[in-house]
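Reading through the structure tokens given below for one structure.
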Amino acid sequence: MALTDETDVVRTEEMLLNVGPQHPSTHGVFRMVVKISGETILEAEPVIGYLHRGTEKLAENLQYTQIIPYTDRLDYVSAMLNNYSLVHTVEEALGIAIPDRAEYIRVITMELNRLASHLIFFGTYLLDLGAMTPFLYAFEEREKIIDMFNELCGARITFNYMRIGGVKYDTPPGWLEQVDAFVKRMKGEMVKYRNLVTGNEIFLARVRGVGKYTTEQALGHGMSGINLRCTGYNWDLRKKKPYSIYDRFDWEVPLGKNGDCWDRYILHMEEMEQSLRIVEQALQQIQPGPVLAKVPKLIRVPAGEYYSGIEGTRGELGFYIVSDGKDKPYRLKIRRPSFENLQILPIILKGVPVGDMVAILGSIDPVLGEVGA
Amino acid sequence: MFGFLKGLGVTISQLPKKKVTLMYPDEKPEWPERFRGVHRFIPELCTVCNQCARICPTSCISLSGARDENRKLRIETYDINSDICILCSLCTEVCPTEAILMSDTFENASYVRDDLYLDMHWLYNNELEYERRHPDRAIPETDVQKKAGD
Amino acid sequence: MTWTWSNVWHWAAHPLSWPGFVGMLVGAVLVLLLALLVVMYSIYWQRKFIGWIQWRIGPNRVGPWGLFQTVADVLKLLIKEDVIPTGVDRTLFLIAPIFAFVPAFLVLSIIPFSAHHVFTANLGIGVLFYVAVSAITIHGVMLGGWSSNNKWGLIGGMRSAAQMLSYEVPLGMSIVGVVLMAGTLNLNDIVAAQAHTLWYVIPQIVGFVVFIIAGTAEMNRTPFDLPEAESELVAGYHVEYSGFRFAFFMLTEYVYLLAMGGLMATLFLGGWTGPFLPGWLWFAIKVFAFITFQFWLQATMPRMRQDQLMSFSWKVLLPLAMANLVITAVVKALV
Amino acid sequence: MSDEPRKPSEENQPSEPRNPSPQRTQDPGGQGAEAIARTAMNPSPGPAGPAATKQPPEKTPEGAEKSVGASGASDVKTGTAGAAAQSAKPAAKPAAKKAPPPPDPRAVAAKEKADEIKAVLIAKLGASAVVETGAAHFTPMLLIDRGKWSDAVTALRDDPAWDLNYLECMAGTDYPEYIEVVVYLQSTELGHFVCMKTRTPRDGAKVPSLAPIYPVANWEEREIFDLLGVTFTGHPDMRRIMMWEEFEGHPLRKDYSVWD
């Protein structure tokens, strides 16, 4: 696709196209001002801030327990991981030891939530590329996970389930057996997804070699999670900077090869299988016991600065808390993976046909609640 | 080479599968016990300790009480502005006597914004409805009833 | 002329006359009603069939098992306000849907629905007529996209022009294979030719595959539905249309589905010939099979990219059709 | 059907809408400001917690100052009902003036690592580069002079011994006298994790931009500019990222008020 150059006989001019903020495939209120000539994109400039709710400003007037419901609404498809990230940072600051059962319940709910979030990626990514049916299958499976969470903590999306020092409720009777049954059934479903989509030649043609970037570009742009591992670079916080009890399970980190949409897609699918493995092992190792540690009635974080990041579904999700010893944080900054992952778009969208723009944006899988914060 | 034929095989094999559609208006989904719908309130249990109003992140609970004849605190008005309530159930956590709880009425839409200001009577009715719908579920009792019970 | 039954009904056998004209008119209205009925219930069947594939039930609210759902949709589109945006090129905007729909309905006239083909024009150059007239729809779609003064519509219109043009050629080539074997362009004779020997789908299997793929692309259906790609171009060329004008574009797409199905049945599966069952029922089964296959494709396949689509047509389909043609010619010469 | 239709709440008019400004803690008292400045620097007397990797739970947490334990109920009773706890604590404080708990070994290790880096930087950029070193909760922390900010970060990125090639988190904080820009740098190969800070006065805040070094800083700096008002010199396109162009004021500043 040669760009328009001066020797053109037919005088063509670029067209400025506004993709978003209300567009079927921008995964939320995300706008891109795209300069295109014919079908090729010359320049793309992302515009964000449509979902900025000032969570960081609000957090400066809320006690730590009151901030937890706000973290549900950051990355609204994986609320458990947001809860855990905040709660983990405060626990590290206070140095509280978490009871064993609470750790296991946390790992089970986080991995199930990661699975649900990857299912959403799988469904909406195929919808962007034109196939309708995988979306329905993925959302039916996700519905089962959401029902289990509903039974566990009473909410479908905004769980507000984790507390500083453990989790709010213990698992209701029969819940762990339900999770076990779901994990077994889900393995069969994964085989169906592979047959339905992974082999499809049209899908491969749409996805292979599209939206490629190198490890240096990814590291320079602060990409994390699947968007970094798709270039073949092994950086998963659960293994590199271990937290919680991830070292008690044996699972590997799937790696891509050349950082294109295909690698990102296949990594999402393999990470789903890894999450299933972790949940399966956690179900065997979980023992009855308390779910909440001894925590002071009013949580005061000692003065100082704390940062700790965990492996969210879209990358490294961290909280930077500056505390002046009071029960409210002096400053709370949220390191949001989707905010960094979107910065590489202007570079990889140059000279790309319009059809691929949708494929690339879908593969980076941003969640706009997180980008705005 | 024939990957898409496998895909076609998968879709056609789903044809006879059981359908998952729920006929919503006719069949209502039944929610688990811990489901967080609109609040329900038991005025006798409330000791007007103001904990719930203080913990609420969006401060949408406003209540007032007075001392009755034998110097005991009684609740008089208890309003929840469910327009900004985010149903996080922190209030039910901190309530020492479990006076405020979550019911499973989830149809909260209304045409008029005033309907979203739920007063004590509405919340208490919601409690009676909840008891009627779920007779088997345990209802917190006042300590008087507890003493009477055992 | 005397108003006898044969004059009115079998107008083809008599020179043109007033009763003959009335017979033609009645025949045309009947075919239009048949087409609308088939279109309405193919939309209903699409939503039911894809629903079942996706573990859903599909429409079941309006009428028993949702049978009147599409009737309700059509009525809604009739009553809905037909918005004509201001910045729009008015005349072109108004005639574009007509430009698109008329050829789709015109094409139905040559397809032999049943043995005593009373409504079909026994046209000597039937196949050529089909290929030529179906090309006019491209103008309607392109005009619709261009005149709606909307960037998405413009891209959708341009894409559909490029796609339909480049898939017209392999479609034509694959039909020539059949014409070579039947020795005539007249569809009724082609069906008659197949009645004695075996159906042309067996010897012309390559032509059949190319015809199906090019036909799907011609109708802008799923692996090739770039012109109205919901996820990229919001809605492609009919983004600014609403009300009955929008229904015209929908009607075009589904009448073409019927027409393409009819053509496939006539050329490759021996039209209305078939053991035991009456002729028109055989025709209906074949068209129904084609339509269901289209919906099955729609449920499974993702969308191709614009440049892949073009190169696939010129670099894969056309050579395949040509090769098929050469082999048929050689075989026909030897046998 | 569910409960009877909603009773029009005429007998009590809707409660007055929530008071516009929730009880916002005004600017932390003067005393609090120095406290932040002082304590943020020296090692936080955080109680010794378990190491980053979780040992199995038998190792009982010897958390130093556990205030009055919460009631045994499984639910956490948060909120300030702990009036009793309040009164108990001050009583305890004046009673026993116990020595501040011994600094945590990891905080001490972090401080030494910070000094090590300080030596490297001074060798490269001269004595005035590093103003102060310390530990921000087990991560070595360096306070860099504003002028040498981008050179220091480049130096540490190119230095083969440290190779801090990944900018993990960048934040801006509004302290009473200055605004602080914090950067957490991670070396993905060698495993170093360093926190670097610089300060700029609140009005006319200017800091050299890191965007040429780490492209990720582009949007982060635009967000700090938008919400805190720190302009970054040398930034490719210094514009607001969250707010619309015509928005005046910087919301994350402590003295920002919506009403004026």
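The values are calculated or read from the model by the stated rules, or taken from the named source; none is laboratory data. In this text the structure is predicted, and so the values were computed from the model without any measurement. Counting neighbours? That spans all protein chains shown, and the Cβs are built from the backbone with ideal geometry, glycine included.
On the given criteria, is residue C:200 buried (at least 20 other Cβ atoms within 10 Å of the Cβ), at pLDDT below 90 and within 24 Å of residue C:106 (Cα to Cα)? Here the answer is no, as residue C:200 does not meet what is asked. For residue A:297, the conditions (1) surrounded by 16 or more Cβ atoms within 10 Å (Cβ to Cβ); (2) within 21 Å of the chain's Cα centre (by Cα); (3) within 9 Å of chain D (Cβ to nearest Cβ); (4) over 27 Å from residue A:135 (Cβ atoms) are fulfilled apart from (2). Residues that are out of contact with any strand residue (DSSP E or B) (no Cβ under 6 Å at 6 or more places or on another chain), farther than 30 Å from residue A:98 by Cα, facing another protein chain (nearest Cβ under 9 Å) and basic (Lys, Arg) do occur in segment A:176-192. Kindly evaluate residue D:237 against the criterion of being on the phi > 0 side of the Ramachandran plot, assigned to a loop (DSSP other than H, G, I, E, B) and either within 13 Å of another protein chain (Cβ to nearest Cβ) or touching a Pro at 6+ places or on another chain (Cβ under 6 Å) (or both). No, not satisfied. Of all residues in segment A:93-137, which are free of Cβ contacts under 8 Å to residues at least 24 places away in the same chain and within 14 Å of chain D (Cβ to nearest Cβ)? Result: A:95, single match.
Beta carbons closer than 6 Å, at least 6 apart along the sequence or on distinct chains, pair a first residue in segment A:139-154 that is in contact (Cβ under 8 Å) with a residue 24 or more places away in the chain and more than 8 Å from chain B (Cβ to nearest Cβ) with a second that is assigned to a helix (DSSP H, G or I) and buried (at least 18 other Cβ atoms within 10 Å of the Cβ) for A:141/A:119; A:142/A:116; A:142/A:119; A:144/A:182; A:145/A:112; A:145/A:116.
Residues that are more than 10 Å from chain D (Cβ to nearest Cβ) and among the hydrophobic types (A, V, I, L, M, F, W, C) were ranked within segment B:120-139; the one that is farthest from residue B:43 (Cα to Cα) is B:138. If you go through segment A:68-88 and pick out every residue that is surrounded by fewer than 24 Cβ atoms within 10 Å (Cβ to Cβ), within 12 Å of chain D (Cβ to nearest Cβ) and more than 16 Å from residue A:111 (Cβ to Cβ), you end up with 0.
Determine if segment A:167-175 includes at least one residue that is assigned to a helix (DSSP H, G or I), surrounded by fewer than 21 Cβ atoms within 10 Å (Cβ to Cβ), among the aromatic types (Phe, Trp, Tyr) and within 14 Å of chain C (Cβ to nearest Cβ). No, every residue in segment A:167-175 fails to be assigned to a helix (DSSP H, G or I), surrounded by fewer than 21 Cβ atoms within 10 Å (Cβ to Cβ), among the aromatic types (Phe, Trp, Tyr) and within 14 Å of chain C (Cβ to nearest Cβ).
Here C:246, C:276 are screened, and the one residue that is of a type in the set (A, V, I, L, M, F, W, C) and in contact (Cβ under 8 Å) with a residue 40 or more places away in the chain is C:246. Listed by first and then second residue, the pairs with beta-carbon distance under 6 Å, at least 6 apart or on different chains, first residue in segment C:51-62 and more than 12 Å from chain A (Cβ to nearest Cβ), second surrounded by 16 or more Cβ atoms within 10 Å (Cβ to Cβ) and part of a loop (DSSP other than H, G, I, E, B), are C:62/C:68. Residue D:245 falls short on exactly one of the conditions (1) at pLDDT below 90; (2) closer than 24 Å to residue A:59 by Cβ, and that condition is (2). Within the option set A:330, A:306, being facing another protein chain (nearest Cβ under 9 Å), crowded, with 21+ Cβ neighbours inside 10 Å and either touching a Phe, Trp or Tyr at 6+ places or on another chain (Cβ under 8 Å) or at pLDDT below 90 (or both) holds for one residue only, A:306. Residues of segment A:207-230 that are away from chain D (no Cβ under 14 Å) and buried (at least 24 other Cβ atoms within 10 Å of the Cβ): A:207, A:211, A:226, A:230.
For segment A:27-37, check the following and say yes or no: at least one residue is among the aromatic types (Phe, Trp, Tyr), farther than 30 Å from residue B:89 by Cα and in contact with a Gly (Cβ under 7 Å, 6 or more places away or on another chain). Yes, segment A:27-37 contains a residue that is among the aromatic types (Phe, Trp, Tyr), farther than 30 Å from residue B:89 by Cα and in contact with a Gly (Cβ under 7 Å, 6 or more places away or on another chain). The residue of segment C:203-224 that is surrounded by the fewest Cβ atoms within 10 Å (Cβ to Cβ), among those that are assigned to a loop (DSSP other than H, G, I, E, B) and more than 15 Å from the chain's Cα centre (by Cα), is C:203. Take the residues in segment C:270-310 that are over 30 Å from residue A:356 (Cβ atoms) and crowded, with 23+ Cβ neighbours inside 10 Å, then tell me which one is modelled with the highest pLDDT. The extreme case among them is C:287.
Against the test of being surrounded by fewer than 19 Cβ atoms within 10 Å (Cβ to Cβ) and either touching a residue at least 60 places away in the same chain (Cβ under 8 Å) or within 10 Å of chain A (Cβ to nearest Cβ) (or both), the options D:168, D:223, D:177 yield a single qualifying residue, D:177.
Selection of segment D:182-202 for residues being away from every other protein chain (no Cβ under 11 Å) and β-branched (Val, Ile, Thr) yields D:194, D:198, D:200. Where residues in segment D:192-220 are over 22 Å from residue A:216 (Cβ atoms) and more than 20 Å from the chain's Cα centre (by Cα), which of them is surrounded by the most Cβ atoms within 10 Å (Cβ to Cβ)? By that ranking, first place goes to D:208.
When residue A:358 is tested against the conditions (1) surrounded by 22 or more Cβ atoms within 10 Å (Cβ to Cβ); (2) modelled with pLDDT of 90 or more; (3) more than 9 Å from chain D (Cβ to nearest Cβ), the lone failure is (2). Considering C:292, C:300, the condition of being of a type in the set (Val, Ile, Thr) and away from chain A (no Cβ under 14 Å) is satisfied by C:292 alone. Of the residues making up segment D:226-260, those that are in contact with a helix residue (DSSP H, G or I) (Cβ under 8 Å, 6 or more places away or on another chain), touching a residue at least 60 places away in the same chain (Cβ under 8 Å) and surrounded by fewer than 21 Cβ atoms within 10 Å (Cβ to Cβ) are D:234, D:253.
Only one entry in B:103, B:59, B:64 is among the small types (Gly, Ala, Ser) and in contact (Cβ under 8 Å) with a residue 40 or more places away in the chain, namely B:103. Checked against the criterion of being under 23 Å from residue A:157 (Cα atoms) and either touching a Ser or Thr at 6+ places or on another chain (Cβ under 9 Å) or buried (at least 20 other Cβ atoms within 10 Å of the Cβ) (or both), the candidates B:95, B:88 yield just one match: B:88.
Between D:103, D:160, the distinction of being away from chain A (no Cβ under 14 Å) and either assigned to a strand (DSSP E or B) or of a type outside the set (Asp, Glu) (or both) belongs to D:160 only.
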